[in-house]
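Worksheet for the structure shown next.
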Amino acid sequence: MQEDVVSIVAPVSAPVAYGRQNALARWWSRPRNRELLMALLYSSPALIIFFLFTYFPFVRAIWLSLNITNQRGEPAAFNGLGYYLRVLSLDGSGRTDYLQSIGTSFQFTLMVVPTVIIIAVGLAVLAATRVRGIQFFRLIFTSSIAISLASAGVIWSLIYNPSSGATRWVVELLNLGVPGVLNSNLTTIPAVAVMSVWSALGFNFIIALAGLQAIPEDLYESASIDGAGGWHKFRFITLPLLSPTLLFLVIIGTIGALQAFTQFHLLIPDSPNTVFIYETFRAFWYDNRYGLASAMSIIVFIILITLTIIQYRTLDQRVHYQ
Amino acid sequence: MIDTADRRERPPVPHSLPYNTMVYALLIIAAIVLMSPLLFALSISVQGPTMDPRFIPRDLTTLDFAIFARVFEDEPIISRWILNSFVVASGVTLGVVVTSALFAYVLAYFSFPGKALLLFVALGSLMVPFEATLIPNYLLVASWGWTNSYQGLILPFIASGFGIFLMRQYFLTLPRELYDAALVDGCSRFRYLWMILLPLSRPAIATLAVYTFLSTWNQFYWPLLVTSATEWRTTQVGITIFRNFEGGVVYNTQMAATLIVMLPTLVLLVLGQRQLVSGLTSGALKG
Amino acid sequence: MKKVRVAVLSSLIAVLMVALSLVVSPLAFAQQATPVPAPTITPVPPVARPEGSTEVVFWYGLGGNLGNVVQEVVNMYNTSQSTYYINAVFQSSYDDTINKINAGLASGDLPDLAQIFEAGSQRMIDSGAIVPVQTLFERDGMMDVVEDMEPAVRANYEINGTLYSAPFNSSTAMLYVNRAAFAEAGLDPDQALVTYDDVAEYARALTVRDAAGTVTRYGLAVYAEGWFLEQIHAVHDAPIGLPANGREGERMTEYAYNGEVGVTWVEFLKGLVDEGVAVYYGPASGGSGAAASAFVNNQAAMHFSSIASLRGLVSSAAGAGAGVDVGTLYMPRAEGADGKTIVGGASLWITNVGTPEAQEGAWDFIKYSLQPEVQAFWAANTGYYPVVQASYEDPVMQEALVNFPQFQVAIDQIRLTDITSANTAHVSGIFVPYRTHYVEAFDRYMRGEFATAQEALDAAVAISNEQLTEYNLTAGG
């Protein structure tokens, strides 16, 4: 694409023979061609960035994943599909670390997504009441949107730190026999999930509230006239009409939770039980195994693209329904 | 999706006293629970330098609120981190708005062979997650010597498939006749974009800008990789490296700094809540 | 309408109460201990650069108080002469420094001088971007300075006959003990050489339970740290890597820490934790801080750490007011083992990318840093060893030894036995990653995911070796 721009622009500015210039003038006189040139000019800033930082690196990642690299990330020995076989435990080594981390990612996602949606819908129902000063509460419930995962991670790592004693009661309640909730297999991932739920609540709340407020009031009123009870109305009016919103939250939440990195880096950087994004980071950053890490990242890509396609499909369907 | 802010809020409905009491009780409980990690951070901040902090300070008479002013003296580097974050977030925001508007203009108004391909390139970028390009991007930026620099933090992010899509959708809602008429009247394409289209698209630009600024300000993974010198850290990475000092973690300073660096985005939330919400909702399309 | 809300609200209460109880805990403010003042850190500003001086960029990886002393030494140098100006740039940690050097090899963004820990030695040598300091010592006829270096320190940085880098800050691992608790329990805190059995016995005697049977003080605080595994191999004179820790002419080709020495060490720690007389705080990243905090608050009577933390622990213990009297013992070992420990810390590397003047400036700073009085100042203010023996005659150092008698134990510990390749740091291109693999396996074992220590270490060695083979295949490429 970039080269096209050059080859089109160059003849215009260069002194050329008369006949050629004539052809050029003819080319230029066609509006479609002029549009094409302008189109390329206007779109070139974004195109250059896309090619430089998205498409080219993506192809390079695939190439790296097929090689053993040196410490500078240059391919040093071709390795074929060796790394893929290794991380998927198809090489006969019986090493399942990466597969386990994929499992942990989905486990983490299953903990976070339903919890955060249930709490967010609860909060939205509460915040949909039209009492005085409700705007203030809505702002508080939304506030975690503005609090970065890094800030949240720093605060929660102190909450979980045995020296602050804030979660010591959990350790004693569950009789974990370890100093902190991040030291036990039983509570490590749930603890990170609780922090993530807190962090994601603001976003989920505001979307759920928007969904709730879009439900026409008269539906409830006519249901009341028909004698429907509170649960009935929630079950047969609120839930069905909120379901597109819930579906949207499930999709966004799932993809977001699968990409979780910051909270794992801040709360359990050395933990053997971690998510696949973090496992990839370790291979890349701490072990400098760029080939292996690239293979892992391509697998991440395959998982995420599959989910993204499902996402687009479901959203499409939703559009047809409406 | 639905934008709450566009709907006119119905006035408060009078309710019975027990109902109101219960609603307020629940609202207050929920608010306290949600705020409790922040209250915890605030409490630790004012407890002075201790390796053994408590949620409820032991001694409520010696609370050290001056820490919030002193943290800038004790750790002058924090001002630099905040500056870095501002430069990076503003740079990315400006870049995204400009490249998205230009690209979307082409998609919405131009007709030429291969336009579908252009749309495909823009939307296709949404399909490649950040993680899949991270390693080569890091190697590329490092090989250019762009670690510890604004260009390394900004440039990879100044084109956004989401931004292009958002702007294109907005442009398409504006009357096409305006464009055709303007061009017939001899208005240049660029002039139309600059003088007419962009001013008309202020709501979409605001949404894109607030959303981009916030998500860039909160970035963690990429700045962690491409900054290593303390003075090049952004706030998000900066607050976490207090943890690594061998002299022991200074919890009060760390918590105070963490609360301080939240302020810009909290202010942005209060001022730009409406734009943010519509940005987040349309963010649905981002993979 | 109302009822809908009430139904949902009441179910909401349940969810919120769970969240509430997670954070606001009844016990959060029970179990009070007095607050411990942490050392306040006021950064030392650099001095101004004189006109016409040659700038030498220096990356260092020590933060907090230790980093301040680095800046002080740099300031002392910068004011002592005006030909060169050292621009000291902090790199948040040793790991980050070596990572950044790795990236800089491709981009050319390298300092003239870098402080690198021993784990980075092989990579620095393989980088081809360094000037071995030995050539400069020889050129300037200064081998007497090298001869005067603490033998264990010199041996650490002299790899296959060449001194590649100049030692700067040297430390070793210790078993810290609470002397007051020892006295109470009738134990001897002055018998420095202790066996596993001794420590197990101490731990049992030092563990205190309240009436309800809850432990209020553990005998020993444990966390996962690769450096201790290396120390344990050294005291048993067993190489951690083959052949000969990579120190006898050949590159190391495999890790061997899954032998008896490693297995016994890991089993020893796990045994104490299982017995309820030791407490495990997880991997070092978070665990070392938590363990140190427990030690100074008298919640654990013994604790493993570097001698460089001595001053921090002493002042924290004094601030905590829990009556902890800090003492030091040698790293524990199996019956009959009497070996020395390994030297840790970091050394200064000169790169060959800068101008000849900048390289000379880097070398000039190294010469300055090795002067006996500078080393004495450094050691007395940090807790590291002086790397040259002449510093022990300096009054500043002598005073420090009087004030901190615990320091002498550490000096004795690195002089215990003759130097062998097995009691010197191993040389490997995947030094940092190997530690991660070990820590991960250790943590899994402590969490009960591995049935035996042997299985855990076998797994860690397997992945270490896979990576080492790859590194050796591509090194220097």
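The values are calculated or read from the model by the stated rules, or taken from the named source; none is laboratory data. Just so you know, these numbers come straight off a predicted model, no measurement behind them. Neighbour counts are summed over all protein chains in view; Cβ atoms, including those assigned to glycine, are modelled from backbone coordinates with ideal geometry.
When restricted to residues that are at pLDDT 90 or above and surrounded by fewer than 21 Cβ atoms within 10 Å (Cβ to Cβ), segment B:147-167 contains 5. When we screen C:Leu187, C:Leu206 for residues that are at pLDDT 95 or above, under 11 Å from C:Val277 (Cα atoms) and of a type outside the set (Lys, Arg), the only hit is C:Leu206.
Here is a yes/no grid of residues against (1) more than 18 Å from C:Phe295 (Cα to Cα); (2) modelled with pLDDT of 95 or more; (3) outside the structural domain of C:Gln71 (by TED's automatic domain parsing):
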| site | (1), (2), (3) |
| --- | --- |
| C:Asn178 | no, yes, yes |
| C:Ala212 | yes, no, yes |
| C:Ala234 | yes, yes, yes |
| C:Glu248 | yes, no, yes |
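Okay, residues lined up against (1) surrounded by fewer than 19 Cβ atoms within 10 Å (Cβ to Cβ); (2) aromatic (Phe, Trp, Tyr):
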residue	(1), (2)
B:Leu38	no, no
B:Thr61	yes, no
B:Phe72	yes, yes
B:Glu75	no, no
B:Asn84	no, no
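Please go through segment A:53-80 and pick out each residue that is assigned to a helix (DSSP H, G or I) and either in contact with a helix residue (DSSP H, G or I) (Cβ under 7 Å, 6 or more places away or on another chain) or facing chain B (nearest Cβ under 8 Å) (or both). Write out each step before concluding.
Filtering segment A:53-80 for residues assigned to a helix (DSSP H, G or I) gives A:53-65.
Within segment A:53-80, A:Phe53, A:Thr54, A:Tyr55, A:Phe56, A:Pro57, A:Phe58, A:Arg60, A:Ala61, A:Ile62, A:Leu64, A:Ser65 qualify.
Of all residues in segment C:320-333, which are aliphatic (A, V, I, L, M), part of a loop (DSSP other than H, G, I, E, B) and buried (at least 23 other Cβ atoms within 10 Å of the Cβ)? Those that are aliphatic (A, V, I, L, M), part of a loop (DSSP other than H, G, I, E, B) and buried (at least 23 other Cβ atoms within 10 Å of the Cβ): C:Val324, C:Met331. For A:Gly94, the requirement of being over 22 Å from the mean Cα position of the chain (by Cα), assigned to a loop (DSSP other than H, G, I, E, B) and at pLDDT 90 or above is not met. Before we move on, is C:Gly336 within 13 Å of chain A (Cβ to nearest Cβ) and either modelled with pLDDT under 95 or crowded, with 20+ Cβ neighbours inside 10 Å (or both)? Answer is no for this residue.
Condition check: over 24 Å from C:Ala244 (Cβ atoms) and without any contact (Cβ under 8 Å) to a residue 24 or more places away in the chain. Does C:Val374 satisfy that? Spell out the reasoning first.
Working: over 24 Å from C:Ala244 (Cβ atoms): yes; without any contact (Cβ under 8 Å) to a residue 24 or more places away in the chain: no.
Judged against the criteria, C:Val374 is not a match.
Looking only at residues in segment C:271-291 that are in contact (Cβ under 8 Å) with a residue 40 or more places away in the chain, part of a helix (DSSP H, G or I) and within 17 Å of the chain's Cα centre (by Cα), the one that is nearest to C:Thr382 (Cα to Cα) is C:Ser288.
In segment C:184-227, what residues are in a loop (DSSP other than H, G, I, E, B) and polar (S, T, N, Q)?
Here is the first cut: in segment C:184-227, the residues in a loop (DSSP other than H, G, I, E, B) are C:185-194, C:207, C:210-214, C:225.
Across segment C:184-227, the qualifying residues are C:Gln191, C:Thr207, C:Thr214.
Taken over segment A:145-202, the criterion of being at pLDDT below 90, β-branched (Val, Ile, Thr) and under 23 Å from C:Ala320 (Cβ atoms) is satisfied by A:Thr167, A:Val171, A:Val178.
Of all residues in segment C:430-447, those being farther than 17 Å from C:Trp227 by Cα, assigned to a helix (DSSP H, G or I) and free of Cβ contacts under 8 Å to residues at least 40 places away in the same chain number 1. Apart from one condition, B:Ile67 fits all of (1) within 24 Å of B:Val237 (Cα to Cα); (2) facing another protein chain (nearest Cβ under 8 Å); the exception is (2). Listed conditions (1) farther than 30 Å from A:Ser29 by Cα; (2) at pLDDT 90 or above are all met by B:Leu119, apart from (1). Inspect all residues belonging to segment C:393-416 and state whether any of them is closer than 28 Å to C:Glu147 by Cβ, more than 10 Å from chain A (Cβ to nearest Cβ), among the aliphatic types (A, V, I, L, M) and not in a helix (DSSP H, G or I). There is at least one residue in segment C:393-416 that is closer than 28 Å to C:Glu147 by Cβ, more than 10 Å from chain A (Cβ to nearest Cβ), among the aliphatic types (A, V, I, L, M) and not in a helix (DSSP H, G or I). In segment B:77-104, the residues that are within 23 Å of A:Leu47 (Cβ to Cβ) and assigned by TED's automatic domain parsing to the domain that holds B:Ala257 form Cβ pairs under 6 Å with partners that are assigned to a helix (DSSP H, G or I) and polar (S, T, N, Q), at six or more places apart or across chains, as follows: B:Val92/B:Thr216; B:Thr93/B:Thr212; B:Val96/B:Thr212; B:Phe103/A:Ser43. Within segment C:331-353, residues that are among the acidic types (Asp, Glu) reach partners that are surrounded by fewer than 23 Cβ atoms within 10 Å (Cβ to Cβ) and in a loop (DSSP other than H, G, I, E, B) with beta carbons closer than 8 Å, at six or more positions or on different chains, in the pairs C:Asp338/C:Leu193; C:Asp338/C:Leu416; C:Asp338/C:Thr417.
What single numbered condition from (1) within 15 Å of A:Tyr42 (Cα to Cα); (2) part of a helix (DSSP H, G or I) fails to hold for B:Gln169? Of everything listed in (1) within 15 Å of A:Tyr42 (Cα to Cα); (2) part of a helix (DSSP H, G or I), B:Gln169 misses just condition (1).
Residue-wise test of (1) crowded, with 20+ Cβ neighbours inside 10 Å; (2) within 26 Å of B:Leu38 (Cα to Cα).
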| position | (1), (2) |
| --- | --- |
| B:Leu174 | no, no |
| B:Val184 | no, no |
| B:Thr207 | yes, no |
| B:Thr216 | yes, yes |
| B:Thr227 | yes, no |
| B:Thr234 | yes, yes |
| B:Ile239 | yes, yes |
| B:Ala256 | yes, yes |
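Looking across A:Gly153, A:Gly211, one residue alone is part of a helix (DSSP H, G or I) and either closer than 22 Å to B:Val33 by Cβ or of a type in the set (Lys, Arg) (or both). It is A:Gly153.
Of all residues in segment C:156-178, those that are under 24 Å from C:Tyr202 (Cβ atoms) have Cβ atoms under 9 Å from Cβ atoms of residues that are β-branched (Val, Ile, Thr) and part of a strand (DSSP E or B), 6 or more apart or on another chain, in C:Met174/C:Thr328; C:Leu175/C:Thr328; C:Tyr176/C:Val326; C:Tyr176/C:Thr328; C:Val177/C:Val326; C:Val177/C:Thr328; C:Asn178/C:Val326. Considered as a group, the residues in segment B:228-239 that are modelled with pLDDT under 85 and in a helix (DSSP H, G or I) include one that is nearest to C:Gly289 (Cα to Cα), and that residue is B:Thr230.
Taking the criterion of being in contact with a helix residue (DSSP H, G or I) (Cβ under 7 Å, 6 or more places away or on another chain), part of a helix (DSSP H, G or I) and within 7 Å of another protein chain (Cβ to nearest Cβ), the residues of segment A:171-194 that qualify are A:Leu182, A:Val194. In the set (1) assigned to a helix (DSSP H, G or I); (2) over 23 Å from the mean Cα position of the chain (by Cα); (3) within 14 Å of another protein chain (Cβ to nearest Cβ), C:Phe450 fails one condition alone, (1).
Every listed requirement among (1) under 24 Å from the mean Cα position of the chain (by Cα); (2) part of a helix (DSSP H, G or I) is met by C:Ala181 save one, (1).
Based on this model, can you work out whether C:Val153 counts as buried (at least 20 other Cβ atoms within 10 Å of the Cβ), under 24 Å from the mean Cα position of the chain (by Cα) and either modelled with pLDDT of 95 or more or aromatic (Phe, Trp, Tyr) (or both)? So C:Val153 fails the test. Pairing residues of segment B:105-129 that are facing chain A (nearest Cβ under 8 Å) and surrounded by fewer than 16 Cβ atoms within 10 Å (Cβ to Cβ) with residues that are in a helix (DSSP H, G or I) and modelled with pLDDT under 90, at Cβ distances under 6 Å and at least 6 apart in sequence or on separate chains, gives no pairs at all.
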